Amino acid sequence: MRKQKKKRGLLGFTVIIACFVLISLFPLQVAQAILTLSVTPYEGGYDLRFDKISYAGERINREIKVRINTDIGKQYRLIQVVSDPLRTDDGQTFPNKNFVVYGLRGTNTFGTLHVEQAFPVNLNRQILYTSNTAGASDSFTLVYSLIPPEQIHPGSYRGRISFVIQPLDSTQDLVTETINVFAEVDIASSVNVSTSTGSKDIVLRSDRSQDPERNKVFVEIVGGLGKQFRIVQALSEQPVSAEGNRLDLQAVNFIGRGAQKGMLINEATTLPYRQQIVYTSSPRGEADSFELEYSLGDLSQQKEGNYRTQLKYFLDGPDVSMRLLETVGLEVEHPRVFELLITPENKRGVLRFEGLKPKEPPKTSEVTIEIKSNIGKRYQVTQNVYSDLIDRQGNVIPPGYFTVRTESLDTKGKLRFVTRDGVKKGDTILFISDDQGSSDKFKIIYELTIPADVPAGDYSTRITYALLEI
């Protein structure tokens, strides 16, 4: 009897161990790779809605946030497929060329957006995005735009768009998400926003090399809206560089011109941190047009880099609240500046005292040094004196008679020779910048006391200046 109980106990113990082993191994056997897709309209919900389109030619934008989560470790693509084109119940279709999609540049992190320029949403399979070779998870923003033509048939338009993740070189199944599209068209008038170049970006260059005509946004109100409305401008965020530096908004200005019916900001204004009304229509909301021109202010204290943000334009009025009209990329190119300017300019680097005679009063020579820098690092200015003061016959003025001092010109950094000191041959540090490496300016004053026994003549030496990072 005891032997049977012992056997049963051993058998039960063995079964428990076997179950534990199976449970431990089971997750390893059923674990699957992750590949998910989320397609979410910016306005919320599950549908892409263009409610009550009332103005011909008006571009109406709706944003979709795409999120892809994966650990398959393989490159993949996101493909757009129009399951059902936009059409009414009676068969009227919305023109393909007037329904377009583009991706907001810079909203993706790893892969490549293939639709940074607007493309028609047509029946062809369209590759929207390709991941990096590692197949990293990513997210980005797509903008779908309807631009109703003047002859569009009014009515309720419906359609469906499918988004398909296609893994490359992988047996992983396709992942598909479908979104419904609705557009209610009742054309009366329109508000159009476009750039002077026709692109989706404005680029401002700090070297002033760009034609200002290319830095404009045009707004056209067609047909009138019947009631007073406003055009509102807003930044998506403060301009930021790839290095994480932020651009002071005081560095970007804009001005409005050309409005005939409404009130427009018509003096140079810096970009605001918050939403700003740039145009208010007449009380009857009459047709009008105007332009906004963007330019750069003082960037002398701004670090180098390419700074990016987005300008958004909204229509706001009694019948519509902050409807997005257009999104335009704003880029400020601020290349590296690290320059030493010397006045008076002396390309040969020769400092000369001419017609010296014994017992004459001291002679001086002044040089102004200006440094332009946006590197954000400390730097120094040095002088290199190649020889003593000497004439053509080889006569030398003893070093103690030749001195140097530096003088502030609202200087931010540290001057090394605030009182007179003898000029020494070789390299000597004259100035060290502040900790921010700010642009700066100072004066160098050379003074020669003429010895009583000096032979008359012209005396000179060669002096050069260098600007160096610390």
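The values are calculated or read from the model by the stated rules, or taken from the named source; none is laboratory data. This is a predicted model, so every value here is computed, not measured. Positions of Cβ are generated from backbone atoms using ideal geometry, with glycine treated the same way; all protein chains shown enter the neighbour counts.
A few remarks follow.
- Residue within the stretch 281-299 that is modelled with pLDDT under 95, surrounded by 15 or more Cβ atoms within 10 Å (Cβ to Cβ) and touching a His at 6+ places or on another chain (Cβ under 8 Å) present: yes
- The stretch 32-49, residues that are in a strand (DSSP E or B) and out of contact with any Phe, Trp or Tyr (no Cβ under 7 Å at 6 or more places or on another chain): LEU35, THR36, SER38, THR40, PRO41
- Condition check for ILE147: in contact with a helix residue (DSSP H, G or I) (Cβ under 6 Å, 6 or more places away or on another chain), β-branched (Val, Ile, Thr) and in the same structural domain as LEU48 (by TED's automatic domain parsing): yes
- Within the set ILE255, ILE202, the sole residue that is among the hydrophobic types (A, V, I, L, M, F, W, C) and under 19 Å from PRO335 (Cβ atoms) turns out to be ILE202.
- Restricted to the stretch 363-401, and to residues there that are modelled with pLDDT of 95 or more, within 30 Å of GLY305 (Cβ to Cβ) and hydroxyl-bearing (Ser, Thr, Tyr), the residue that is surrounded by the most Cβ atoms within 10 Å (Cβ to Cβ) is TYR379.
- Some residue of the stretch 335-348 being touching a residue at least 60 places away in the same chain (Cβ under 8 Å) and either among the small types (Gly, Ala, Ser) or crowded, with 20+ Cβ neighbours inside 10 Å (or both): no
- Meets criteria (closer than 20 Å to SER170 by Cβ, aromatic (Phe, Trp, Tyr) and crowded, with 20+ Cβ neighbours inside 10 Å) for TYR102: no
- Among the candidates ASN346, ASN306, residue that is modelled with pLDDT under 95 and under 34 Å from the mean Cα position of the chain (by Cα): ASN306
- Considering residues of the stretch 442-466 that are among the hydrophobic types (A, V, I, L, M, F, W, C), touching a Lys or Arg at 6+ places or on another chain (Cβ under 6 Å) and assigned to a strand (DSSP E or B) only, the residue surrounded by the most Cβ atoms within 10 Å (Cβ to Cβ): LEU448
- Top-ranked residue in the stretch 122-173 [being farther than 27 Å from ASN96 by Cα and charged (D, E, K, R); ranked as surrounded by the most Cβ atoms within 10 Å (Cβ to Cβ)]: ASP138
- Matching residues in the stretch 131-150 - criterion: being in contact with a strand residue (DSSP E or B) (Cβ under 7 Å, 6 or more places away or on another chain) and more than 24 Å from GLY329 (Cβ to Cβ): GLY135, SER137, PRO148
- Every condition in (1) outside the structural domain of SER196 (by TED's automatic domain parsing); (2) at negative phi holds for LEU330 except the one numbered (1).
- Residue that is under 41 Å from the mean Cα position of the chain (by Cα), without any contact (Cβ under 8 Å) to a residue 40 or more places away in the chain and assigned to a strand (DSSP E or B), where the choices are THR382, THR428, THR406, THR411: THR406
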